[in-house]
1. What residue, among those in segment 351-376 that are acidic (Asp, Glu) and within 16 Å of the ligand (Cβ to nearest atom), is surrounded by the most Cβ atoms within 10 Å (Cβ to Cβ)?
2. I want to confirm something. Restricting to segment 36-63 and keeping residues that are modelled with pLDDT of 90 or more and within 11 Å of the ligand (Cβ to nearest atom), which single residue is farthest from the chain's Cα centre (by Cα)?
3. Looking only at segment 169-191, how many residues end up being part of a helix (DSSP H, G or I) and not basic (Lys, Arg)?
4. Quick one: which residue in 329, 337 is in a helix (DSSP H, G or I) and away from the ligand (no atom under 16 Å from the Cβ)?
5. Identify the residue in segment 283-325 that is of a type in the set (S, T, N, Q) and without any contact (Cβ under 8 Å) to a residue 40 or more places away in the chain and, among all such residues, is farthest from residue 430 (Cα to Cα).
6. Being at pLDDT 95 or above and out of contact with any helix residue (DSSP H, G or I) (no Cβ under 6 Å at 6 or more places or on another chain) is the filter here; which residues of segment 199-213 pass it?
7. What is the number of the single condition among (1) buried (at least 16 other Cβ atoms within 10 Å of the Cβ); (2) farther than 26 Å from residue 422 by Cβ that residue 338 does not meet?
8. Before we move on, is residue 108 surrounded by fewer than 24 Cβ atoms within 10 Å (Cβ to Cβ), over 21 Å from residue 68 (Cβ atoms) and within 16 Å of the ligand (Cβ to nearest atom)?
Amino acid sequence: MTNTPAQDSGSCSVDLSMSEISESTASQTTEEVFTTVVESVEEPEAPSGFSEFGFSDALLKTLADKGYKEPSPIQKAAIPELMLGRDLVGQAQTGTGKTAAFALPLLERLQGDSPLPSVLVLAPTRELAMQVAEAFKAYSAGHPHLNVLAIYGGSDFRSQINALRRGVDVVVGTPGRVMDHMRQGTLNTSGLRSLVLDEADEMLRMGFIDDVEWILEQLPEERQVVLFSATMPNEIRRLSKRYLREPAEITIKTKEKEARRIRHRCITMQNSHKIEALNRVLEAVTGEGVIIFARTKAITLTVAESLEAAGHDVAVLNGDVPQNQRERTVERLRKGTVNILVATDVAARGLDVDRIGLVINYDMPFDSEAYVHRIGRTGRAGRSGEAILFITPRERRFVGNLERAVGQAIEPMDIPSNAEINQSRLDRLRTRLSAEATSEDKPEEETALLQELIQRVAQELEVEPGPVSYTHLRAHE
Ligand code: AMP
């Protein structure tokens, strides 16, 4: 369904770096199209938010029910293009609203009249496939006749086949499993109208690129291809040139304001000091949820064991953890029943848990793209986050690459001292005591006693006792 209008030939580029639209270096035609898109991005926001896209009342109601008021920049730029049926290359990270940017227009264009799948989304991990499928289901609340199915390795093949037989409109899957179903004829792609490659650079990094290319080769001649990627390595550019037709190009760079929500720091140390440093950082830097990235499965286990020995509640996510347990682990992290997760890059890919306040790079990531993906696990849903990188003296020369990749300085820091750790423990204790003291379901006497205790301790230690607001307390609960 590449019904690109002739006048739309060429591509358009929207770069929202530092909240500004940067200059396009492309051809005249590109600039013309670019200007059109830029205008639509910069227009004063219509109070109706999503209504300017020509969405159905049912979809507008679903979005209103979900509390979406205004489209995000990538949605503003991508939705009009996708509603026209254009191919599109989008450079954007998770957390920008990119799932809705493709899911909403593709759902809206679905006729629901075909017995065969109309939309196929390829995602690098089971977790991301499940998340995207859930998003499609949520957005199609107003179209109950539409069926969405997630297919990924590690889950029952039979039930996937049965669901596919019953009829599915949107399939979201990992490349390997999608290819298996296509090869054995249980997934018929001859009716596909749109294909989305989500986190294409991750699929490349995980070695799925041949599978992805095989799938692209099997697509019907008339189809729309949408490619999203956080970074644009050459191989992804090649794919895009080869399989996408005159795509709209959209780049959403993290705005400076948003980027600054994540503070990047690094500590230089010898390998042998890492465990000790980790324990100290965990004591001194209080984060809501913590993910520790290690390079190998073996290191995740060593780190988890030593943290457990130090009294922390820890979960591990690596390639050896079976699928059903991985889902449980992610759920525990989401709910806060476990606060620290030790993971390998591959296992934590696509992990979307809002309450991650701290990412510790226990080992240097393999490259700057891996760093971008790791730190993308924090600072989600408008929250702030911290990223701390452990490096050995020899690894210091790679820090510049990482700084360029995130467009921010990675500040050096020292291993937290005893004084800092004590101060942090004190802060936590004070917060907990204050929470107890201001809790409404306590007998008055007990509250008064606690408040007096806090005052006294504060005087003795010469620290400021309050006031502590409820919202502040909740963040630490
Ligand atoms: P994504 O970048 O697709 O991972 O989306 C990040 C989060 O933003 C998800 O939890 C979405 O539900 C949410 N989201 C996406 N678009 C909007 C919007 N226009 N308004 C509010 N929340 C949104």
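1. 352
2. My answer is 50.
3. In the first step, residues of segment 169-191 are kept if they are part of a helix (DSSP H, G or I); the result is 175-183.
Okay, now just the ones that are also not basic (Lys, Arg), so 175-176, 178-182.
Looking only at that region, the number is 7.
4. On the way: 337 fails: in a helix (DSSP H, G or I).
The unique qualifying residue is 329.
5. To start, the set of residues in segment 283-325 that are of a type in the set (S, T, N, Q) comprises 286, 296, 300, 302, 306, 318, 323-325.
Going one step further and asking which of them are without any contact (Cβ under 8 Å) to a residue 40 or more places away in the chain, we end up with 302, 306, 318, 324-325.
Details: 302: 33, 306: 28, 318: 36, 324: 39, 325: 36 Å.
Ranking the candidates gives 324 first.
6. 213
7. All conditions pass for residue 338, except number (2).
8. Details: surrounded by fewer than 24 Cβ atoms within 10 Å (Cβ to Cβ): yes; over 21 Å from residue 68 (Cβ atoms): no; within 16 Å of the ligand (Cβ to nearest atom): yes.
No, not satisfied.
The values are calculated or read from the model by the stated rules, or taken from the named source; none is laboratory data. The structure displayed is predicted, hence computed values, not measured ones. Heads up, the Cβs are rebuilt from the backbone with ideal geometry, glycines too, and the neighbour counts pull from every protein chain shown.
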